[in-house]
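I have placed the structure first, in the form of structure tokens, so that the comments after it can refer back to it.
The values are calculated or read from the model by the stated rules, or taken from the named source; none is laboratory data. Treat the numbers as computed from the prediction; the structure is a model and nothing was measured. With ideal geometry, Cβ positions are generated from the backbone for all residues, glycine too; neighbour counts draw on all protein chains shown.
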Amino acid sequence: MKRSIQFLLAVAAALTLAACSTTKPADTSTDSSVNSSSSDTEAEALARQRAAAEAERQRIANLLNSTTIYFDYDQDTIRGEFVEMLEVHAKHMQATGKQVVLEGHADERGTPEYNLALGERRAKAVEQMLRTYGVSVEQTEVISFGEESPASLGHSEEDFQLNRRVELKYQ
Amino acid sequence: MYNFIKSLLFIGFLFAFSVAKAEIQIFITEGRDDARPIAVVPFKFESSSVVLQPPHDFAKIIADDLARSGKFNPTELSKLPSKPNTLNDIKLDDWKTLGVDAVVYGSVKETSPGTYLVAYDLIDPYNDKAIFEADIESGTYPIIPQASHLMLLKTKVANNDNFRWAAHIAADEIYEALTGEKGAFATQIAYVEVNRSDARPYQLFVADSDGFNQKRVFASRRPIMSPAWSPDSEKLAYVSFENGRSEIVIQNIATGTRDVIASYKGFNSAPAWSPDGRKMAMVLSKDGNPEIYVMDLASKSLNRLTRHYSIDTEPSWHPNGQSLVFTSDRGGKPQIYRVSVNGGEAERVTFEGRYNAGAEFTPDGNAIVMVHQVNGNYHIASQDLKTGNINVLTKSRLDESISIAPNSSMVIYSTVQGRQKVLSTISMDGRFGMPISSTTGEVKAPAWSPYIL
């Protein structure tokens, strides 16, 4: 279970890096032209600042690229690891005014009708957290698919973990 | 142009409607030691035309039905001592030696192209006082010694379209004559099949109770859930995501006419017809969280039965229409509760186990059958409502979507076998079960029809 999530995260990170690398060369070329006309210490400070800003940009881009929140069995509590990601999405939504559909899902254990309710409960937990970070009521819509739309079609614990999720879908 | 394409699609849809798919296969995996031995002799076929055989093997359909009930064990054809087709051919000693409780034999005669006269009898080789039921007019059977062993003497007219159905009715008559309880072979099941390679992967089917005669009644790009038969067996209610989120639809099976009856904010789910067919219990989350409602189908007015911040779902009507059971996690974990049709305080019904859900009343109203978790596995279990005793019926681990045969003999449900989602049946005492396996996609959400007249 953990391995597949790590794999997913790795894929997400790789995609993010690939996306960033296209804009990077332009940045470094401007950096070097600035460097030549400034004193060393100022240049270092500036570079550090830029590196920090770049790291922050990348962190946010990474988090914005992650749009799936995973849940524990029969739970709708948002795990600590997803709080930062939701905060970043909330700020992005506030800044852009974008609409987001929150799709709630469950694994196949238990009954489909109960799982439809569980999927809604999870999506509402995410909606509530976005709300506390200032996202307005009009920007989100909750749709539950219960166990009807699994991300992974198998029947193992790993599949179940991948299926217990809420997906953020920007409209 | 757009309208033209739309009408093409519509024609395509109608076409899809009428095309019957290949049958889903049924095979038996578990035997049963107390099944009664019975001989079903292949029927003789007579035809004056070029037709060499009837559209289906009438005797085999009867034998397979009886075997699927778990109550009968039809003799292998190679072990039959003789192959009689009329009462005159019967040698009682042959069948006593074989040790069968009963013998079915008969004939199929093509009377005109596509029309068949099917004659069949049921005899008890031991009991010469079997004499049988009233629909045999006096004097219509031969006055020979074997006649006193007759339990059934029947004829039917069938055509190519209803030939299998006629055989299921015959199996019901034989089952009732031998067990004293009504048969449920001439019934249907509705279920959802997911064929992920199809453009519209989510498909609602209706098939005969043996899995044959599949007819697709609806197909969608988005999920379909929870089919439920109307008490007159003419309509299906189900949940469809065709418009992006869950809505409750009622569809007339014969005409294909569809009405969206619940499309409230939040989700719309778990439709359950009242026994009189005039109301429908359903679960709506329009007021913020899932609650049980009863809709009057004529006026579409809603009456809310539950008021609780927890999940309340999966209503099932008591056969007398006066109360319902439902699933709620108001106590922390999903358990079964019971509430009056007029609302009021709900009473907890299940106490054993951490997860009980999806309960259905048995047709006599004395028990419920539900999904019951044991050691992390989800089984089918029944609970006697008087004693509270729980009987776990299945060994499989991912069982769900219970539906009970109208004669209470069997439960159909969905489960996972290997890596495939399949339908399976289990006898009400848990002693006889078998999968109904699809040759193609995942099958789930079975619903057993009421008796079809």
If I filter the stretch A:105-112 for residues that are free of Cβ contacts under 8 Å to residues at least 24 places away in the same chain and either within 14 Å of chain B (Cβ to nearest Cβ) or not basic (Lys, Arg) (or both), do I get at least one hit? yes
Checking the condition over 23 Å from the mean Cα position of the chain (by Cα) and within 18 Å of B:TYR120 (Cα to Cα), which residue from B:SER78, B:SER47 passes? B:SER47
I'd like to check something: does the stretch B:424-434 contain any residue that is within 14 Å of another protein chain (Cβ to nearest Cβ) and either modelled with pLDDT of 95 or more or surrounded by fewer than 17 Cβ atoms within 10 Å (Cβ to Cβ) (or both)? no
Collect the residues in the stretch B:231-258 that are farther than 14 Å from B:GLY277 by Cβ and acidic (Asp, Glu), keeping them in residue-number order. B:GLU242, B:GLU247
State yes or no: is A:VAL100 closer than 24 Å to B:GLU242 by Cβ, at the interface with chain B (Cβ under 9 Å from one of its Cβ atoms), within 19 Å of the chain's Cα centre (by Cα) and modelled with pLDDT of 95 or more? no
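So which strands (runs of 3 or more DSSP E) stay within the stretch B:50-136 end to end and still have 1 or more residues that are crowded, with 16+ Cβ neighbours inside 10 Å, out of contact with any Pro (no Cβ under 9 Å at 6 or more places or on another chain) and at pLDDT 95 or above? Give the derivation first.
Working: elements: B:72-74, B:102-112, B:115-123.
Ranges flagged: B:102-112, B:115-123.
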Identify the residue in the stretch B:248-272 that is away from chain A (no Cβ under 14 Å) and touching a Phe, Trp or Tyr at 6+ places or on another chain (Cβ under 8 Å) and, among all such residues, is nearest to B:LEU324 (Cα to Cα). B:VAL249
Report yes if some residue within the stretch B:197-220 is among the charged types (D, E, K, R) and within 13 Å of chain A (Cβ to nearest Cβ); otherwise report no. no
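From B:PRO227, B:PRO223, which residue is crowded, with 20+ Cβ neighbours inside 10 Å and without any contact (Cβ under 8 Å) to a residue 40 or more places away in the chain?
Every option except B:PRO223 fails the conditions.
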One residue is enough: does the stretch A:111-130 have a residue meeting the conditions among the basic types (Lys, Arg) and surrounded by fewer than 20 Cβ atoms within 10 Å (Cβ to Cβ)? no
Out of everything in the stretch B:283-316 that is in a strand (DSSP E or B) and β-branched (Val, Ile, Thr), what residue ends up being surrounded by the fewest Cβ atoms within 10 Å (Cβ to Cβ)? B:VAL294
Every residue in the stretch B:223-247 that is within 14 Å of another protein chain (Cβ to nearest Cβ) and assigned to a strand (DSSP E or B), please. B:ILE224, B:MET225, B:SER226, B:PRO227, B:ALA228, B:ALA237, B:TYR238, B:VAL239, B:SER240, B:GLU247
Of the residues in the stretch B:334-355, how many are surrounded by 15 or more Cβ atoms within 10 Å (Cβ to Cβ) and either among the small types (Gly, Ala, Ser) or facing another protein chain (nearest Cβ under 10 Å) (or both)? 4
Within the stretch B:59-69, residues over 17 Å from B:GLY106 (Cα atoms) and under 15 Å from the mean Cα position of the chain (by Cα) come out as B:ARG68, B:SER69
Search result, residues across the stretch B:389-410 that are more than 14 Å from every other protein chain (Cβ to nearest Cβ), crowded, with 16+ Cβ neighbours inside 10 Å and part of a strand (DSSP E or B): B:ILE390, B:ILE404, B:MET410
What's the total number of residues in the stretch A:43-94 that are farther than 30 Å from A:GLY110 by Cα, under 19 Å from the mean Cα position of the chain (by Cα) and aliphatic (A, V, I, L, M)? 8
Anything in the stretch A:130-153 that is under 24 Å from B:GLU291 (Cβ atoms), aliphatic (A, V, I, L, M) and touching a residue at least 24 places away in the same chain (Cβ under 8 Å)? List them, or say none. A:VAL142, A:ILE143
If a residue must be farther than 18 Å from B:GLY256 by Cα and of a type outside the set (Asp, Glu), how many such residues does the stretch B:207-220 contain? 3
Only one of B:PRO275, B:PRO319 is loosely packed, with under 15 Cβ neighbours inside 10 Å, in the same structural domain as B:ARG397 (by TED's automatic domain parsing), under 26 Å from the mean Cα position of the chain (by Cα) and in a loop (DSSP other than H, G, I, E, B). Can you tell me which? B:PRO319
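Looking only at the stretch B:278-288, count how many residues are more than 10 Å from chain A (Cβ to nearest Cβ) and out of contact with any Leu (no Cβ under 8 Å at 6 or more places or on another chain).
Qualifying residue count, the stretch B:278-288: 3.
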Take B:SER328 and tell me if it is in contact with a helix residue (DSSP H, G or I) (Cβ under 8 Å, 6 or more places away or on another chain) and among the polar types (S, T, N, Q). no
Conditions (1) under 13 Å from B:PRO315 (Cα atoms); (2) touching a residue at least 40 places away in the same chain (Cβ under 8 Å); number of the one not met by B:SER340: (2)
Selection over the stretch A:123-154 where residues are more than 7 Å from chain B (Cβ to nearest Cβ), modelled with pLDDT of 95 or more and within 22 Å of B:LEU398 (Cα to Cα) yields a count of 5
Residue hits (the stretch B:153-165; touching a residue at least 12 places away in the same chain (Cβ under 8 Å) and surrounded by fewer than 22 Cβ atoms within 10 Å (Cβ to Cβ)) are B:LEU153, B:LYS154, B:THR155, B:LYS156, B:VAL157, B:ASN159, B:ASN160, B:PHE163, B:ARG164, B:TRP165
For residues that are surrounded by 21 or more Cβ atoms within 10 Å (Cβ to Cβ) and of a type in the set (D, E, K, R), scanning just the stretch B:173-209, find the one that is nearest to B:LYS444 (Cα to Cα). B:GLU193
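Within the group B:GLY365, B:GLY353, which residue is within 27 Å of B:THR425 (Cβ to Cβ) and free of Cβ contacts under 8 Å to residues at least 40 places away in the same chain?
None of the other options fit; the residue is B:GLY353.
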Filter the stretch B:210-220 for residues that are in contact (Cβ under 8 Å) with a residue 24 or more places away in the chain and part of a strand (DSSP E or B); which is surrounded by the most Cβ atoms within 10 Å (Cβ to Cβ)? B:PHE218
